[in-house]
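Here is the structure we will look at, set down as structure tokens.
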Amino acid sequence: MLARLKVLLLVTCSFASSTLVGAAQAADPAPVRITVISDQDDDIYDARAGRGGVDATRMAVEDFGGTVLGRPVIVDALNDHNKPAEAPGLAKQAFDAGADLLMDVQNAPIALAISKVATERHKLAISTGSASPALTRAECSRYFYHYSFDLTAIESATSDYLAAQGKRWVFIMDDSGFGRAGLATMTPKITAHGGEVVKTFLTPPTEDGYSTVIEEARGLKPDVVAVINAGAKDDAVVSAVTKAKLSAVTTTALLYLSDVDRIKDGYAGLVATVPWYWNLDPIARAWSDRFAAAHDGRRPTAAQAADYSATTQWLNAVRTAGTTDADAVIRTLDGHKFDDVFAHGGEFRASDHMVVHDLYVAKVRASAELPEPHAWYAILATVPAATAFPAGTECKMPQ
């Protein structure tokens, strides 16, 4: 009787053990999670990245095969409403829910806030739309990469190109850190080419005052009018300058395809530097055709293409590192060189975590000159990656 009981216990234990093993094998592995944090409120910031950036991130995951390290990859999305005060809470919420990477992260105050949370958590975040040079200078972080562009790179490239052609410059700019930084970046480039800033106007608080400023600028006979404002105000001032038909080239700090789509001929003739263009080459065109097919013909912005690129590069790094651990992935990414849909001459610069690549000086076509819908840019020059992103000295990258 005792022998029979021992046999029964052995069989029962063996069955229980095999059942547990089978259940563990049948259970799905924990997913890898990417959370896109962006403005999704159907406004100018949503158009620049927003829901299209979420879609581009998901496209990258699908093209990668949907899994990495044998684990499914899930893309979540959180709406920051373009409110910096909400950003830290959203970042913590995402990491608490298991996010391995935060993506997109538009707007400088939002990016700076999320960088701090990522640093505290030892998790990775990548911004594809912030313009702030601080992200790779005084506020740089081991756990944060700045993708696509920054204000210093864009304005340096634009002023180098235009200052070689036009010597007399007028600025119409916000009385803000954004406006003053633009003037400070561009002025040395202008003077280095033998040019001068003839006068600086502060942007009037309302559109009623634009015409007075523009007419005074006309009397100064400038070669270049630089409009340095943020958001919708930039649209309004650039459009007013264009409408006035000054005999000068108009430029601005940051040029977005989605803004031109919205304002159209208000941007006609403007020259500025961009990080990417959907019709840049056959590879960019082919990917953009796929994106447009799912977005009612709307072409992707540079930020959306950067979302696709950054997601792909991170997934490749995870596969190479064999883990989603941020420190291991960083060791794989730092110094990594690549070319893809978005970046030519791309490199994850280890010293400050700027992701460098070629930039492009573009001129905005008038609507009557478009060879096809959304084909707003004529590319005038390429700025090589080696010189496109000047490095600061403030970043003390912790290892």
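The values are calculated or read from the model by the stated rules, or taken from the named source; none is laboratory data. Because the structure is a prediction, the values reported are computed rather than measured. Cβ atoms come from the backbone with ideal geometry, glycine included; neighbour counts cover every protein chain shown. All accessible areas refer to the heavy atoms of the entire protein, side chains included, with ligands and DNA or RNA removed. Shrake-Rupley method; radii C 1.70, N 1.55, O 1.52, S 1.80 Å.
Where q = 0.09, 0.13, 0.16 Å⁻¹, what log10 of I(q)/I(0) comes from the Debye formula for region 238-395, counting one point per Cα? Evaluating at q = 0.09, 0.13, 0.16 Å⁻¹ gives log10 I(q)/I(0) of -0.36, -0.70, -0.96. Lysine pairs in region 200-347 whose alpha-carbon atoms fall under 22 angstrom of each other, counting only those eight or more residues apart or on distinct chains, come to 7.
Seen from all sides and averaged, what is the projected area of the convex hull of the Cα atoms in region 51-106, in nm²? Let's see the in-between values first.
Numbers: hull surface 16.1 nm².
In nm², the orientation-averaged hull projection of region 51-106 is 4.0.
Computed on the Cα trace of region 167-214, the radius of gyration divided by the Kirkwood hydrodynamic radius gives Rg/Rh = 1.02. Shown here is the pair-distance distribution of region 311-399: with all Cα-Cα distances grouped in 5 Å bins from zero up to the longest one, the shares run 3, 12, 17, 16, 15, 12, 9, 7, 5, 2, 0 percent.
Once both labels are positioned 7 Å from their Cα atoms along Cα-to-Cβ, the gap between Asp289 and Ile74 label points is 3.5 nm.
How far, in nm, would the chain grow between Ser247 and Ala368 when pulled straight, counting 0.36 nm per residue and subtracting the alpha carbon separation?
Working: separation 121, 0.36 × 121 = 43.56 nm, distance 2.01 nm.
Taking 0.36 nm per residue and subtracting the Cα distance, the gain is 41.6 nm.
Report the convex hull volume per residue for region 136-263, counting only C-alpha atoms, in Å³. Dividing the Cα hull volume of region 136-263 by its residue count gives 117 Å³.
Tally Lys/Arg at +1 and Asp/Glu at -1 over every other residue whose Cβ is under 10 Å from the Cβ of Asn79; what's the total?
Details: positive: Arg51, Lys83; negative: Asp39, Asp41, Asp46, Asp80, Glu86.
Once all neighbours under 10 Å are counted, the net charge is -3.
Sorting Leu359, Leu280 by accessible area puts them as Leu280, Leu359; the probe is 1.4 Å, largest comes first, and only protein heavy atoms count.
Between Ala375 and Asp281, what is 0.36 nm times their sequence separation minus the Cα-Cα distance? Round to one decimal in nm. Provide the component values of the computation, followed by the final result.
Numbers: separation 94, 0.36 × 94 = 33.84 nm, distance 1.28 nm.
Gain on extension, Ala375 to Asp281, equals 32.6 nm.
Which order do you get for Lys189, Lys245 if you rank them by accessible area with a 1.4 Å probe, largest at the top? Please list the in-between numbers first.
Numbers: Lys189 60, Lys245 165 Å².
Of Lys189, Lys245, the descending order of accessible area is Lys245, Lys189.
Computed in the context of the full set of protein chains, the accessible area of the chain at 1.4 Å probe radius has 57% of its extent on carbon or sulfur. Put a plus charge on the Cβ of each Lys and Arg, a minus charge on the Cβ of each Asp and Glu, and nothing anywhere else: the dipole of the chain about its Cα centre is then about 780 debye. Remark: region 322-377 carries a charge dipole of roughly 200 debye about the Cα centre, counting +1 on each Lys and Arg Cβ and -1 on each Asp and Glu Cβ.
Assigning unit charges at the beta carbon (Lys, Arg +1; Asp, Glu -1) and nothing else, what dipole magnitude in debye, to the nearest 20, does region 291-395 show about its Cα centre?
Details: 8 positive and 13 negative charges, 47 e Å.
That gives region 291-395 a dipole magnitude of about 220 debye.
If you run the Gaussian network model on the chain, springs between alpha carbon atoms under 10 Å, then out of Gly195, Gly269, Gly219 the most flexible one is Gly219.
A Förster distance of 30 Å, applied to the separation of the beta-carbon atoms of Glu215 and His193, puts the FRET efficiency at 0.65. The spread of Cα positions in the chain, taken along each principal axis and listed from longest to shortest, comes to 112, 45, 36 Å. If you take the square roots of the eigenvalues of the alpha-carbon gyration tensor of region 24-172 and sort them as a ≥ b ≥ c, do you get rounded (a/c under 1.5), prolate (a/b over b/c) or oblate? Note, shape of region 24-172 comes out prolate. Using a Gaussian network model of the chain in which every pair of alpha carbons under 10 angstrom is joined by a spring, one finds that among Ala184, Ala153, Ala108 the greatest mean-square fluctuation is at Ala184.
Spatial offset of region 278-308 relative to region 184-247 amounts to 32 Å, using the alpha carbon center of each.
Skip the ligands, DNA and RNA, and give the accessible area per residue of the chain with a 1.4 Å probe, whole Å².
42
Alpha carbon centre of region 100-142 versus region 317-336: separation in Å? Here the answer is 18 Å between Cα centres. Largest mean-square fluctuation among Glu196, Glu372, Glu120, in a Gaussian network model of the chain whose springs join Cα atoms under 10 Å apart, belongs to Glu372.
Note the full-extension length gain between Asp96 and Lys264 as 0.36 nm times their separation in residues minus their Cα-Cα distance, in nm to one decimal.
56.2 nm
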